[in-house]
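Reading through the structure tokens given below for one structure.
The values are calculated or read from the model by the stated rules, or taken from the named source; none is laboratory data. Fair warning: this is a prediction, and the values are worked out from it, not measured in the lab. Here the Cβ positions follow ideal geometry from the backbone for every residue, glycine too, while neighbour counts run over all protein chains shown.
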Amino acid sequence: MKVASSLGVVENQTEPQPLPVGSGEEGGNWSRSGWTDSISFEPVPTCYVCASTTRTPAFDLSFFDHPFQWVRCSDCGLVFQSPRLTKGSLDLIYNSELYWRGRSDATPPPAESTDELRLGYNNYEMGHPYRMAQARQRVRALSRHLPTGSRVLEVGCAAGFFLSALKQAGFDATGIELSAAMAEYGRSRLDVDIQVGDFDQLEIPPGSYDGIAAWGCDSNFHDVRKTYSHMVEALRPGGILAFNYFDFDHPARILLGSFKRVYNAIYYFNRSNVTRLLNSLGLEIVSHSTEFQYTCLEEVASMTGRRGVQTLARTLGIQRSMLRLPIVGSYLLLARKRPHPSRRP
Ligand SMILES: [Zn+2]
């Protein structure tokens, strides 16, 4: 299919194919269900941040009956999956219905009105107020560095809550999203401009955007240097890159249980190596602050794997009350493209 008129690009894309819903539970306990057998891994010869070839084992986990391994770069401290999931395997996962339903914040509308699918849809609708509040907070942060009317692209926009908040604030907003179902949901329910495609594959004229945002995917790009380089090229000099990330080496990690220890965490930044990566790409950090998250107790329990919190909240009937919490160790980061980028390794 042809993609992205408003992105100023035309790219041949393969229409994402829906995958059968697997059996088993969400998270790391999914059972094998056919398609999970076809995921594969590939070596990662050098660190994404510093290009070092030396690393030490960090931790191992098992998902879909496959072993997953993470290592730590001996130079910059980046922890990354090695061997990593192939791009094709990630695409399989992100286009699976089970992935979106497993994340209760991002379930697409049901294709069929079975009870099981309706449940996912209900979860999505119930998450709406939290996601809009979160999106407005991020727009306020961006507004401090970009004037109203600026052209902003969101990479991995899911259903487009941030785009909707940008549009309401007077920005010219466009999103790119791998999942055709999520894109359709955003277009039809939130009236936002979302193109289906893989950002890495898009040819975008250099300097096309005043701002580029990528929320909730700080660990998930297949080759983070390649993707961030592509974003920087698409920004005009002086433009703003905005994203959030979790500092893997923050002392609070010990309190957060299994948070972020997931199969699609291709790498984990810390404050030092994310700064090093951005500097090497010609960006300077203009804002680095703890992110506040609008959420509910049910979601907090789900993210951290603390089932006791979920049970207690349900007993008290407050599982869906809106909370604004500082996420210790999670940062909202804005960086400006230098007028004359000096690319340092
Ligand atoms: Zn490194």
Practice problem: Looking for whichever is at pLDDT 95 or above and more than 13 Å from the ligand (Cβ to nearest atom) here; the options are Pro43, Pro67, Pro16, Pro20. Which one fits? | Solution: Pro43
Quiz item: Is it the case that Ile194 is among the aliphatic types (A, V, I, L, M), closer than 23 Å to Leu78 by Cβ and more than 13 Å from the chain's Cα centre (by Cα)?
Solution: no
Quiz item: Taking region 70-88 as the search range and keeping residues that are in contact (Cβ under 8 Å) with a residue 40 or more places away in the chain and surrounded by fewer than 16 Cβ atoms within 10 Å (Cβ to Cβ), which one is nearest to the ligand (Cβ to nearest atom)?
Solution: Pro83
Exercise. Select, from Asp37, Asp91, the only residue that is in a helix (DSSP H, G or I), closer than 24 Å to Ser229 by Cα and either away from the ligand (no atom under 16 Å from the Cβ) or at pLDDT 95 or above (or both).
Key: Asp91
Quiz item: Can you name the residue in region 248-269 that is modelled with pLDDT of 95 or more and not hydroxyl-bearing (Ser, Thr, Tyr) and is also nearest to Ser82 (Cα to Cα) among such residues?
Solution: Ile266
Exercise. Being in contact with a strand residue (DSSP E or B) (Cβ under 7 Å, 6 or more places away or on another chain) and of a type in the set (A, V, I, L, M) is the filter; apply it to region 161-177 and report the residue that is surrounded by the fewest Cβ atoms within 10 Å (Cβ to Cβ).
Key: Ile176
Exercise. Just give me the residues in region 216-246 being at pLDDT below 95 and of a type in the set (D, E, K, R), in sequence order.
Key: Asp218
Practice problem: For region 310-326, enumerate the residues that are touching a residue at least 40 places away in the same chain (Cβ under 8 Å) and surrounded by 12 or more Cβ atoms within 10 Å (Cβ to Cβ). | Solution: Arg320, Arg324
Quiz prompt | Output for region 46-60, where each listed residue is near the ligand (Cβ under 9 Å from one of its atoms) and part of a strand (DSSP E or B) | solution = Arg55
Quiz prompt | Whichever residue in region 242-288 is within 25 Å of Val139 (Cβ to Cβ), in contact (Cβ under 8 Å) with a residue 60 or more places away in the chain and of a type in the set (S, T, N, Q) and, among such residues, is surrounded by the fewest Cβ atoms within 10 Å (Cβ to Cβ) | solution = Ser287
Quiz item: When only residues in region 46-69 that are surrounded by fewer than 16 Cβ atoms within 10 Å (Cβ to Cβ) and in contact (Cβ under 8 Å) with a residue 40 or more places away in the chain count, which is nearest to Asp249 (Cα to Cα)?
Solution: Phe59
Quiz item: Restricting attention to region 196-216, which residues are surrounded by fewer than 17 Cβ atoms within 10 Å (Cβ to Cβ) and in contact with a helix residue (DSSP H, G or I) (Cβ under 9 Å, 6 or more places away or on another chain)?
Solution: Asp200, Pro205, Pro206, Gly207
Quiz item: Looking at Gly175, Gly186, Gly170, which one is part of a strand (DSSP E or B) and either in contact with a helix residue (DSSP H, G or I) (Cβ under 7 Å, 6 or more places away or on another chain) or free of Cβ contacts under 8 Å to residues at least 40 places away in the same chain (or both)?
Solution: Gly175
